[in-house]
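These notes are about the structure you will find just below.
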Amino acid sequence: MDIRKRSVKGLPALVAKPIIQQVADHLREHILSGRFAANSRLPSNRELAVHLSIPRSTVNAAVSLLAREGWLRSLHGSGTYVRERPPQLRTIASYFYGDGLCAPEARFYRALQQQLQSRIEAAGKQWSVWTDPRPTD
């Protein structure tokens, strides 16, 4: 894994992050900010490599990563395009009946909630819990 102690030209300094990930993050930020709009064509991998002063193979790997994640699509002979972003998940809800998470038999649901919370927070999203005050009947 290629890890550099300095940042790639034009990218923020990230000490222990692989160059491929730095480039992918940089392109993803451009997509999210609208600099690369949905259905727009990205600069060629050669142009990106020259602009960032990195090998073209590194750009190829970063673009492939973003394509696997669903951010980009490549059309042979035409270029790489930004995919339309599907609506993002904004809320996850789970309903617990009876005594809910306080019941002794709710160990599975508490463990499920803890796993969901840790994965959502690891993805950089916020986690909130609400209780439903309505009676169960």
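The values are calculated or read from the model by the stated rules, or taken from the named source; none is laboratory data. None of the values given here were measured: they were computed from a predicted structure. Using ideal geometry, Cβ is built from the backbone for each residue, glycine included, and neighbour counts are taken over all protein chains shown.
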With at pLDDT below 90 and under 18 Å from His30 (Cβ atoms) as the only criterion, which of Arg90, Arg85, Arg73, Arg134 stands out? Arg85
Options Arg68, Arg41; residue that is exposed (fewer than 11 other Cβ atoms within 10 Å of the Cβ) and among the basic types (Lys, Arg): Arg68
